Amino acid sequence: MSLKLSVIGTGYLGATHAACMASMGFEVIGVDVDQMKIDLLAQGRVPFYEPDLEELLTEQIKSGRLTFTTDFKAIKDCDVHFICVGTPQVKGGNAADLTYVDAALEQIASIVKAGSLVVGKSTVPVGTASRLRTRLIQVNPDVDLAWNPEFLREGFAVEDTLRPNRLVVGTTSDKAEATLKQVYAKNLADATPWVRADLPTAELVKVAANSFLATKISFINAMAEICEAAGGDVTVLAKAIGYDPRIGNRFLQAGIGFGGGCLPKDIRAFMARAEELGAQQALEFLKEIDSINLRARQRIIELVRKDLTDDLTGKKVAILGAAFKPDSDDVRDSPALDIAAQIQAAGAVVTVHDPKAIANAQKRFPALNFAQEIEKTLQDAEIVLHLTEWKIYRELDPTKMKSLVKNPIMIDGRNALDRTAWRNAGWKFRALGVSEELEKK
């Protein structure tokens, strides 16, 4: 008999997981307390941008396998319940806010049928799963809880769900593992690595992975600072060390650093939890990782002042990119928007372009100017900042763009543009991690 699944929370993680599980042949019910979100999803529309998701969602709704509701009683006959709610950073602190996770468990604990399995996918501090399992069993002794962390990359969420590079399952019973092997049977048939762990280890895998990636990004940005001071080129340095198989070339692109809804808040929550456990010294290095990341944004602003003037009042600045990364409309802790807001606060007239994130950016920074067309963004600009590496920016014609601006000055905050092409077109071109002497050559 095929398993029937529910997904609690239909935000970015939940909507993606629900649609992908339905595409694997399961009957899936997505449930959320937000009526507007549920109504939108039920129409096959996604309240955020994620490549390929809306098409998949529409297809699965038409198939009848995927439905959405605000009625939690609708999931009482499901066999597996995935908790996919958010765990934002608490206001005024670094710890994770578990309000939504706790509420989700309380909402379903007395509803789920005997023998069913509750599976956490949300990113939580270590120790949360064990606490939730104890509470679940108190309310409903005939159910169990496992933890199955997500490893989604925004812009590749559908691919990462349908074809994950590993599946990690934290469980205390063979029965729970067997149930999850049924859920992921197609992935296992494709030889996806399966890692069974205890509950604490499963929780730690996600934050450990994000901490490592954040460390790698901040490491190359620290090397960028050294290259600028020593007369080097961080792009060549990154290429050279990336050939070492122990290091690899992923996440070695120097620039304005990481942002989004995961890496920043996850490493801060990890530090907060380590302090609660009395193991704060083990993660002291993450404080510097966070500091290096934020410092990269300031270095862009320093370059703007160097190329224009210390007093930015009235200076026209064009910014290409608002999302924290390409193929996403997510502006949470976006380095690009942070830089835009700081430059505007210094008195500059800032205009921002992004192919997908303008609506979200306007909500977060309504005082900024936004333009739907790149040409309008660049019109009469005295300096241009490339801050999100969308493909459309990499494909710009620098000669054509030069005719629009007042001063042809480009600062590539992502080291993604063809510097030779831009220089040959008559632009003064700067990139983080490349010394001024090298830039002049």
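The values are calculated or read from the model by the stated rules, or taken from the named source; none is laboratory data. Predicted, not measured: the structure shown is a model, and the values here were computed from it. FYI the Cβ positions are ideal-geometry reconstructions off the backbone, even for glycines, and counts take in every protein chain you see.
Summary table below
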{"read-out": "Pairs, first assigned by TED's automatic domain parsing to the domain that holds THR215 and aromatic (Phe, Trp, Tyr) in segment 255-269, second crowded, with 23+ Cβ neighbours inside 10 Å and not in a helix (DSSP H, G or I), C-beta under 8 Å, six or more apart", "value": "PHE258/PHE324"}
{"read-out": "Count of residues meeting criterion [surrounded by fewer than 17 Cβ atoms within 10 Å (Cβ to Cβ) and β-branched (Val, Ile, Thr)] in segment 351-401", "value": "2"}
{"read-out": "Scan of segment 123-142 for residues that are within 26 Å of the chain's Cα centre (by Cα) and either on the phi > 0 side of the Ramachandran plot or of a type outside the set (S, T, N, Q) (or both), ordered by number", "value": "VAL124, PRO125, VAL126, GLY127, ALA129, LEU132"}
{"read-out": "Condition broken by MET21, with the remaining ones in (1) assigned to a helix (DSSP H, G or I); (2) surrounded by fewer than 16 Cβ atoms within 10 Å (Cβ to Cβ) satisfied", "value": "(2)"}
{"read-out": "Only listed residue being crowded, with 22+ Cβ neighbours inside 10 Å, assigned by TED's automatic domain parsing to the domain that holds SER173 and out of contact with any helix residue (DSSP H, G or I) (no Cβ under 9 Å at 6 or more places or on another chain), chosen from ALA74, ALA104", "value": "ALA104"}
{"read-out": "Of the criteria (1) closer than 23 Å to ASP329 by Cα; (2) surrounded by 17 or more Cβ atoms within 10 Å (Cβ to Cβ); (3) among the hydroxyl-bearing types (Ser, Thr, Tyr), which one THR67 fails", "value": "(1)"}
{"read-out": "Restricting segment 31-56 to residues that are assigned to a helix (DSSP H, G or I), within 22 Å of the chain's Cα centre (by Cα) and of a type outside the set (A, V, I, L, M), the residue that is surrounded by the fewest Cβ atoms within 10 Å (Cβ to Cβ)", "value": "GLU55"}
{"read-out": "One residue from VAL119, VAL112, VAL124, VAL158 being at pLDDT 95 or above, assigned to a strand (DSSP E or B) and within 18 Å of GLY14 (Cβ to Cβ)", "value": "VAL119"}
{"read-out": "All positions within segment 184-227 that are under 17 Å from SER122 (Cβ atoms) and β-branched (Val, Ile, Thr)", "value": "THR201, VAL205, VAL207"}
{"read-out": "Condition check for ILE220: surrounded by 16 or more Cβ atoms within 10 Å (Cβ to Cβ) and in contact with a Lys or Arg (Cβ under 6 Å, 6 or more places away or on another chain)", "value": "no"}
{"read-out": "Checklist (1) within 27 Å of LEU152 (Cβ to Cβ); (2) assigned to a helix (DSSP H, G or I) applied to ARG295, failing item", "value": "(1)"}
{"read-out": "Checking THR388 against (1) outside any loop (DSSP other than H, G, I, E, B); (2) in contact with a strand residue (DSSP E or B) (Cβ under 9 Å, 6 or more places away or on another chain), the condition it does not meet", "value": "(1)"}
{"read-out": "All positions within segment 322-345 that are surrounded by 21 or more Cβ atoms within 10 Å (Cβ to Cβ) and touching a strand residue (DSSP E or B) at 6+ places or on another chain (Cβ under 6 Å)", "value": "ALA322, ALA340, ILE343"}
{"read-out": "Number of the condition not met by GLY426 [criteria: (1) free of Cβ contacts under 8 Å to residues at least 40 places away in the same chain; (2) in a loop (DSSP other than H, G, I, E, B); (3) touching a His at 6+ places or on another chain (Cβ under 8 Å)]", "value": "(3)"}
{"read-out": "Test for THR179: is it buried (at least 19 other Cβ atoms within 10 Å of the Cβ) and either assigned by TED's automatic domain parsing to the domain that holds ASP290 or modelled with pLDDT of 95 or more (or both)", "value": "yes"}
